[in-house]
1. Could you please find all residues in the range 156-181 being in contact with a helix residue (DSSP H, G or I) (Cβ under 7 Å, 6 or more places away or on another chain) and farther than 26 Å from Val134 by Cα?
2. Pairs under 8 Å by beta carbon, first residue in the same structural domain as Gln162 (by TED's automatic domain parsing) and more than 15 Å from Tyr119 (Cβ to Cβ) in the range 129-148, partner crowded, with 17+ Cβ neighbours inside 10 Å and among the basic types (Lys, Arg), six or more apart or different chains?
Amino acid sequence: MMSSSSSLCIKAKWITLKSWLVPTSLILLHRRKRQRQKEQKQIYLRQKQQQQQQQQQRRPSHCTSCSSRPSSDFQDDQQAPSFFKRRSSQSSQMTLADLQREAEKIYDLFLLALDELNYAGDSQGTFYYINDRVSAEEAIENFSAASMQLMNMTFDPQYKSQIQAMVRPRLLHLQAKFDELPVADDPLTYRHSIYCS
């Protein structure tokens, strides 16, 4: 009888400690995060499939000096994939509608980076924190890279200044929030979990 009561006491303490270390709200938060990442991956794959279908619908070149293979196939090995594709029309200038579409994509990347920062902030003191902090940093880098790529695609100074006005304060905000996150190796600022032996 005594051993069963002590084992019940140990089980009760373990359940209490486990619920204290990993709150259910944090588990739900990470489930939502994984679900959102899965949805974004599905959207990305759907867009990529549509692009491939559009490339297959192109008529092959009948010119002997040209290849019917898309030029992007040659560049895949040489450079990283771009966030935005240049318009296929003969003019390389971006219209206001193109700029608006690309700006919306950049704004979505900003919101994703903000979400990742919030996840990292909420998971401080848990074993999720290190990976969440890395994910937040990568999301900020993606936002910054996509913004720079759009500015390089835009030749109109007015459009460039509008992009800079949109990106700069948001990038500074993201960087400030990221700098507030403690480094996991810093014993002064990082909130550790307490483990009893």
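1. Tyr159, Lys160, Ile163
2. Filtered contacts from the range 129-148: Phe143/Arg170.
Rundown of residues vs (1) among the small types (Gly, Ala, Ser); (2) within 21 Å of the chain's Cα centre (by Cα); (3) surrounded by 18 or more Cβ atoms within 10 Å (Cβ to Cβ), yes/no style:
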residue: Val134; (1), (2), (3): no, yes, no
residue: Ala139; (1), (2), (3): yes, yes, yes
residue: Phe143; (1), (2), (3): no, yes, yes
residue: Met148; (1), (2), (3): no, yes, no
residue: Asp156; (1), (2), (3): no, no, no
residue: Gln164; (1), (2), (3): no, yes, no
residue: Gln175; (1), (2), (3): no, yes, no
residue: Asp179; (1), (2), (3): no, yes, no
residue: Ala184; (1), (2), (3): yes, yes, no
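The values are calculated or read from the model by the stated rules, or taken from the named source; none is laboratory data. None of these values were measured; they are calculated from a predicted model. Positions of Cβ are backbone-derived with ideal geometry, glycine not excepted, and every protein chain shown enters the neighbour counts.
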